[in-house]
1. Hey, does the range 69-87 have a residue that's at pLDDT 90 or above, under 12 Å from the mean Cα position of the chain (by Cα) and in a loop (DSSP other than H, G, I, E, B)?
2. Restricting to the range 1-38, and then to whatever is at pLDDT 95 or above and part of a loop (DSSP other than H, G, I, E, B), can you tell me which residue is surrounded by the most Cβ atoms within 10 Å (Cβ to Cβ)?
3. Does residue 66 satisfy the condition of being assigned to a loop (DSSP other than H, G, I, E, B) and either over 20 Å from residue 11 (Cβ atoms) or in contact with a strand residue (DSSP E or B) (Cβ under 8 Å, 6 or more places away or on another chain) (or both)?
């Protein structure tokens, strides 16, 4: 069974959380396993990322820019790569 990770940041009104949950439900109905991760609560690990067959991202628009926690998600692969090279 394919695995999809839904990663989102949501605040104030919770609209992005609602969209992430609806997306996850649709992916489940299509037959995939889904894990929902709120970047407000934690960061995704390298192992989680590599185990996924697909990734969906959700973020509010903050003055034409993504949420800082989603930006961190995009920065993390560089950190993972540097850590792996150190060994």
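The values are calculated or read from the model by the stated rules, or taken from the named source; none is laboratory data. These numbers come from a predicted model, not from an experiment. Positions of Cβ are backbone-derived with ideal geometry, glycine not excepted, and every protein chain shown enters the neighbour counts.
1. Within the range 69-87, none of the residues are at pLDDT 90 or above, under 12 Å from the mean Cα position of the chain (by Cα) and in a loop (DSSP other than H, G, I, E, B).
2. 9
3. Answer is no for this residue.
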